[in-house]
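To keep things clear, I will list the structure first and then write my remarks on it.
The values are calculated or read from the model by the stated rules, or taken from the named source; none is laboratory data. No experiment lies behind these values; they were computed from the predicted model shown. Note: ideal-geometry Cβ built from the backbone for every residue, glycine included; neighbour counts use all protein chains shown. Accessible surface is based on the protein model in full, side chains and every heavy atom, while ligands, DNA and RNA are left aside. Shrake-Rupley method; radii C 1.70, N 1.55, O 1.52, S 1.80 Å.
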Amino acid sequence: EPEVTQTPSHQVTQMGQEVILRCVPISNHLYFYWYRQILGQKVEFLVSFYNNEISEKSEIFDDQFSVERPDGSNFTLKIRSTKLEDSAMYFCASSGPGIAKNIQYFGAGTRLSVL
Amino acid sequence: QQQVKQSPQSLIVQKGGISIINCAYENTAFDYFPWYQQFPGKGPALLIAIRPDVSEKKEGRFTISFNKSAKQFSLHIMDSQPGDSATYFCAASLLGYALNFGKGTSLLVTP
């Protein structure tokens, strides 16, 4: 069964450093998302991406964040200058074309620890 | 503003019992209501979903009940099994757009 793949599974970084979280969505999917889950809290939407541009973003997704689809398979989330409060599990999700757009498939996540 | 409120926060059910998790939403424009199941170390996985034009949807042991006038929906797990022990998230959205998740319910099914 096709799945969304995220790397690394755990990223440790120092405050102020840049991090890039990587995702390989399901191959025929067209819509891509990033969510995050701070430990013990709900899953929160960050951004959605379609046709090489951001289609929707939340208040959390400020200028410190950016997304990119550098090639035909990868989808990345960059945090320019990490803060302690960026520590969370980051989930990538993707969904298919047409009516399948509403079914979002999630990866296993990248745990980001900012020290 | 918390768009989706979920209760209870945790739930313990005996094997064979019925697990019931409730959610309420704020935005009457929402038209897609999925439930996600998450096991430790894994991402959320879609379990079952409903649109507001029906009041109930059943898939195997899992049933969503939907009350549009009350802006509430619930997940019922019949004949609960230890393998159902996981965290369950309800969500609501405009179809095809960002999911607004509830805070999650940690379900433990005891043998």
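Pairs meeting the criteria (first residue in segment B:10-38 and closer than 17 Å to B:SER106 by Cα, second residue open to solvent by 70 Å² or more (accessible area, probe 1.4 Å), beta carbons under 7 Å, at least 6 apart or on different chains) are B:ILE12/B:LEU108; B:LYS15/B:PRO111; B:ILE18/B:MET78; B:ASN22/B:GLN72; B:CYS23/B:LYS5; B:CYS23/B:GLN72. When segment B:62-95 is filtered for residues that are of a type outside the set (S, T, N, Q), part of a strand (DSSP E or B) and either more than 14 Å from chain A (Cβ to nearest Cβ) or within 19 Å of B:ALA29 (Cα to Cα) (or both), the ones remaining, listed by number, are B:PHE62, B:ILE64, B:PHE66, B:PHE73, B:LEU75, B:HIS76, B:ILE77, B:CYS90, B:ALA91, B:ALA92. One residue alone among A:LEU39, A:LEU115, A:LEU77 is under 30 Å from B:SER106 (Cα atoms), away from chain B (no Cβ under 14 Å) and either at pLDDT below 95 or surrounded by 13 or more Cβ atoms within 10 Å (Cβ to Cβ) (or both), and that residue is A:LEU77.
Looking at (1) assigned to a loop (DSSP other than H, G, I, E, B); (2) surrounded by fewer than 19 Cβ atoms within 10 Å (Cβ to Cβ); (3) within 14 Å of chain B (Cβ to nearest Cβ), which is the only condition A:ALA100 fails? Among (1) assigned to a loop (DSSP other than H, G, I, E, B); (2) surrounded by fewer than 19 Cβ atoms within 10 Å (Cβ to Cβ); (3) within 14 Å of chain B (Cβ to nearest Cβ), the lone unmet condition for A:ALA100 is (1). Only one residue in A:GLU56, A:GLU18 is open to solvent by 30 Å² or more (accessible area, probe 1.4 Å) and under 20 Å from A:PRO97 (Cβ atoms). Which one? Every option except A:GLU56 fails the conditions.
Give the residues of segment A:18-33 that are in contact with a strand residue (DSSP E or B) (Cβ under 8 Å, 6 or more places away or on another chain) and more than 13 Å from A:ALA108 (Cβ to Cβ), sorted by residue number. Residues satisfying the conditions are A:GLU18, A:VAL19, A:ILE20, A:PRO25, A:ILE26, A:HIS29, A:LEU30, A:TYR31, A:PHE32, A:TYR33.
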